[in-house]
Amino acid sequence: MTDTTTRAAPSRRVFVCRALGTIAALALGATATLAPLSPAAAQDYPTGPITLIVPFPPGGPTDVSARLVGKSLGTLLGKPVIVENRPGAGGTVGSAFVARAPADGYTLLWGSTSSLGVAPSLYPNPGYAPMTSFAPIGMVGRTPILLVTRSALPPKTLQEFVAYAKTHKSSYGSAGNGSINHLTGEWLKEVAKFDMLHVPYKGGAPAFADMVSGQVDMSLETISLAQPYMANGRIKVLATTSAKRSPAMPDVPTVQELYGNDFEVYSWLALVAPAKTPPAVLQKLNAALRDAQNDPELRKQMETSGLDVIQTTPDEFRTFLAGESKKWTALVAKTKPVVD
């Protein structure tokens, strides 16, 4: 007689055991993925491409500098450094992405005053904390902010502009509410004890263009944006926000020497990695960054764009960042800018 019975189904206990075994395997795999590099793996770093996140749109000064340095780092490390733009919310979108990335040295952040200094205090829940979410590699460079007016405006010095603004309705343009330019302008009004209207723009370039055309009276911008107008005499540089006078502009005073109060502002760039990145990886990246900064051609390109090359150890940059975080947190709290 033909056996028409079917094989008995596995017991529920078997299914549960198999399911638990699968979950455990997946968990073990996830743990292995997120675990930090072993000392041997860290010494062999890098074995593949490195992604450098720029938290701003392509084409701007931050992006251009990242691509210049990234190319040099790739050559020195023997693996390509791929620049990826992840803009949004004042640099917080891309920065938060790196903060969540594996701490293996293969995802780095092109940090700046905006993303690591200003934005964490400006945006609610940015997704990272500058001092704890990242491991510093080193500073790349910095440039002061220039206080400029159009040549046709009567004041020739910052003191004359302050006096002019007290008797005329004056204004200044910035790259937007909460930008470095905006907060610097508000700080200037406080230390020089005068007032002028803030006009926010969607970027520094349109703000600068409107200052040149006479729509606003002052603009606070980096040297790279001002250089073409300085060359053709269409603007006057009234002061810089550096601690000391620039060798390139020895006749231009600093706000600090005119009004004191430790007034010092730089637009700076730095390289950081996710927190808990192995020290051996950080040391290798810091050494490569220093070698890149010492390359005469790259240094010339950076200095031509108005960026002073600054070399630091990871610990030196951490100390600098702590001071910057404190300064910008206080300025944001004082000015209470409304984010666009």
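The values are calculated or read from the model by the stated rules, or taken from the named source; none is laboratory data. Note that the coordinates shown come from a computational prediction; the quantities given were computed from them, not determined experimentally. Ideal geometry is used to build each Cβ from the backbone, glycine not excepted, and the neighbour counts take in all protein chains shown. With ligands, DNA and RNA removed, areas are computed over all heavy atoms of the protein, side chains included. Shrake-Rupley method; radii C 1.70, N 1.55, O 1.52, S 1.80 Å.
Scanning region 206-238 for residues that are closer than 26 Å to Gly90 by Cβ and either open to solvent by 60 Å² or more (accessible area, probe 1.4 Å) or outside any helix (DSSP H, G or I) (or both) yields Gln215, Val216, Asp217, Met218, Ser219, Leu220, Glu221, Thr222, Gln227. Any residue that is in a loop (DSSP other than H, G, I, E, B), surrounded by 21 or more Cβ atoms within 10 Å (Cβ to Cβ) and not hydrophobic (A, V, I, L, M, F, W, C) - is there at least one of those in region 284-302? There is no residue in region 284-302 that is in a loop (DSSP other than H, G, I, E, B), surrounded by 21 or more Cβ atoms within 10 Å (Cβ to Cβ) and not hydrophobic (A, V, I, L, M, F, W, C). Test Val118 against the criterion of being in contact with a helix residue (DSSP H, G or I) (Cβ under 8 Å, 6 or more places away or on another chain), within 26 Å of Leu331 (Cα to Cα), aliphatic (A, V, I, L, M) and not in a strand (DSSP E or B), and give yes or no. Yes; evaluated as a whole, the condition is true for this residue.
Picking from residues in region 175-205 that are more than 16 Å from Tyr164 (Cβ to Cβ) and acidic (Asp, Glu), the one that is surrounded by the most Cβ atoms within 10 Å (Cβ to Cβ) is Glu186. Note on region 53-62: residues that are in contact with a strand residue (DSSP E or B) (Cβ under 7 Å, 6 or more places away or on another chain) and surrounded by fewer than 19 Cβ atoms within 10 Å (Cβ to Cβ) amount to 2. Has region 322-338 got any residue that is more than 30 Å from Leu153 (Cβ to Cβ) and not in a helix (DSSP H, G or I)? No, because not a single residue in region 322-338 is more than 30 Å from Leu153 (Cβ to Cβ) and not in a helix (DSSP H, G or I).
Exactly one condition in (1) more than 14 Å from the chain's Cα centre (by Cα); (2) modelled with pLDDT of 95 or more; (3) of a type outside the set (A, V, I, L, M, F, W, C) is false for Pro130; which is it? All conditions pass for Pro130, except number (1). Of the listed requirements (1) open to solvent by less than 50 Å² (accessible area, probe 1.4 Å); (2) in a loop (DSSP other than H, G, I, E, B); (3) within 29 Å of Pro144 (Cβ to Cβ), Gly48 misses just one: (3).
Scanning region 189-232 for residues that are aromatic (Phe, Trp, Tyr) and more than 16 Å from Leu146 (Cβ to Cβ) yields Phe194, Tyr201. Restricting region 63-91 to residues that are within 21 Å of Phe134 (Cβ to Cβ) and modelled with pLDDT under 95, which is most open to solvent (accessible area, probe 1.4 Å)? Checked region 63-91; the qualifying residue most open to solvent (accessible area, probe 1.4 Å) is Pro87.
Take the conditions in a helix (DSSP H, G or I) and at pLDDT below 95 and apply them to Ser95. Does it pass? Against the criterion (in a helix (DSSP H, G or I) and at pLDDT below 95), Ser95 does not qualify. Being in contact with a Pro (Cβ under 9 Å, 6 or more places away or on another chain), surrounded by fewer than 23 Cβ atoms within 10 Å (Cβ to Cβ) and under 14 Å from Lys276 (Cα atoms) holds for only one residue in Thr132, Thr107, and it is Thr107. Checked against the criterion of being in a strand (DSSP E or B), open to solvent by 10 Å² or more (accessible area, probe 1.4 Å) and over 20 Å from Pro57 (Cβ atoms), region 161-174 has at least one qualifying residue.
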